[in-house]
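Throughout, read-outs are computed from the coordinates displayed, never taken from laboratory work. Note that the coordinates shown come from a computational prediction; the quantities given were computed from them, not determined experimentally. Backbone-built Cβ (ideal geometry, glycine too); neighbour counts: all protein chains shown.
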Amino acid sequence: MDANGARHLLARLSLGVPVGARFEVVSSSPGAPLHIGDTGTVMSIADGSARLSVDMHGIVDVDPHAVTLRHLLQRTA
């Protein structure tokens, strides 16, 4: 694995939720634009940032180390 792949993997592991998954915020640093209980979908993860589609807030870019997310399981009919 090259250095870029390692940084991407570290960001993905820090975030705790894969791209395309639904999430709930369980903790957030004071400077982060998210609040505990916010939900949404992970759109992409890059070096040092994650792009999230947050319900009721729109698209937000955050530092993956500044928030902790919990993977929400989607219900099937």
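Remarks
- Cut-off 14 Å between beta-carbons: net charge of the residues surrounding Pro33, Lys and Arg +1, Asp and Glu -1: -3
- For the range 3-72, the relative contact order is 38 percent, taking Cα pairs closer than 8 Å that sit 6 or more residues apart in sequence and dividing their mean separation by the residue count.
- Positive contributions from Lys and Arg (+1) and negative ones from Asp and Glu (-1), summed over other residues with Cβ under 14 Å from the Cβ of Val17, come out at +2.
- Ranked packing of 17-25, 30-38, most packed first, by mean Cβ within 10 Å: 17-25, 30-38
- Total formal charge among the other residues, if their Cβ is under 14 angstrom from that of His57, Lys/Arg +1 and Asp/Glu -1: -3
- The chain - Kirkwood radius from inverse mean 1/r over Cα pairs (Å): 12.5 Å
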